[in-house]
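A.B. asks: Can you keep this structure in mind? I'll have questions shortly.
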Amino acid sequence: MPSDNPLFRLADVLENIERIRTYTENYTFDRFVSDPKCQDAVERCLLRISEAARKLQGVAEVLAPDQPWSDIRAVGSVLRHDYDTINPNVIWHIVENDLGPLRQAVESAIGVLREKDAKPDKA
């Protein structure tokens, strides 16, 4: 079911990106792989990002069309149902390469929504 409050869901995405950044600060891939607590924390945040993206169905594609929303949603399914096949290389790739562009796109989308909310309706 799509969210009736996209700002809230986009804020969830940003919060979880920031958590991942905090958890993995100064980490290398080798350190990440050797730290199961960090892996668990990152995977949990990715689950939340995926769930927020699921609740943004349709809205996300309009607000940030350059992001792979279907892939973002699919990560959650893998983490929930195929957890025994998770490849740490894939998770680390997401952390290192995908979260930065997602953050920028979400920040821009939030700006667009806030600007739209600030404008009075024309009757």
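The values are calculated or read from the model by the stated rules, or taken from the named source; none is laboratory data. Predicted model only: the values in this text are computed from it and were never measured. We place every Cβ from the backbone using ideal geometry, glycine too, and count neighbours over all the protein chains shown. These area figures cover heavy atoms from the full protein model, side chains too; ligands, DNA and RNA do not enter into them. Shrake-Rupley method; radii C 1.70, N 1.55, O 1.52, S 1.80 Å.
A.B. asks: Could you work out the Kirkwood radius for the range 56-123, taking every pair of different alpha carbons, averaging 1/r and inverting it, reported in Å? Don't skip to the answer; put the middle values down first.
C.D. replies: Working: mean 1/r = 0.0717 Å⁻¹.
One decimal place: 14.0 Å for the Kirkwood radius.
A.B. asks: Kindly provide log₁₀ I(q)/I(0) values, in the same order as q = 0.19, 0.25, 0.27, 0.29 Å⁻¹, from the Debye equation applied to equal alpha-carbon scatterers of the range 22-81.
C.D. replies: -0.75, -0.95, -1.01, -1.08
A.B. asks: Hey, if we sort LYS55, LYS37, LYS119 by accessible area with the 1.4 Å probe, largest down, what's the order? Walk me through the numbers before you get to the answer.
C.D. replies: On the way: LYS55 55, LYS37 165, LYS119 120 Å².
So, going from the largest accessible area down, we get LYS37, LYS119, LYS55.
A.B. asks: Could you estimate the translational diffusion coefficient of the chain from the Stokes-Einstein equation, with Rh from the Kirkwood formula over C-alpha pairs, at 4 °C and 1.567 mPa s, in whole µm²/s?
C.D. replies: Details: Rh = 15.1 Å.
Translational diffusion coefficient: 86 µm²/s.
A.B. asks: Helix-only mean residue ellipticity at 222 nm, the chain, DSSP H runs n ≥ 4 weighted -39,500 (n - 2.57), per residue, nearest 500. What is it?
C.D. replies: Working: 7 runs with 88 residues, N = 123.
Result for the chain: -22500 deg cm²/dmol, rounded to the nearest 500.
A.B. asks: Follow-up question, since we're still on this one. As an exercise, identify the GluC sites (Glu not before Pro) in the range 23-107 lying in DSSP coil whose Cβ has no more than 10 other Cβ atoms within 10 Å.
C.D. replies: Details: sites: GLU25, GLU43, GLU51, GLU61, GLU96, GLU107; in loops: GLU25.
Within the range 23-107, the qualifying GluC sites (Glu not before Pro) (loop, at most 10 other Cβ atoms within 10 Å) are GLU25.
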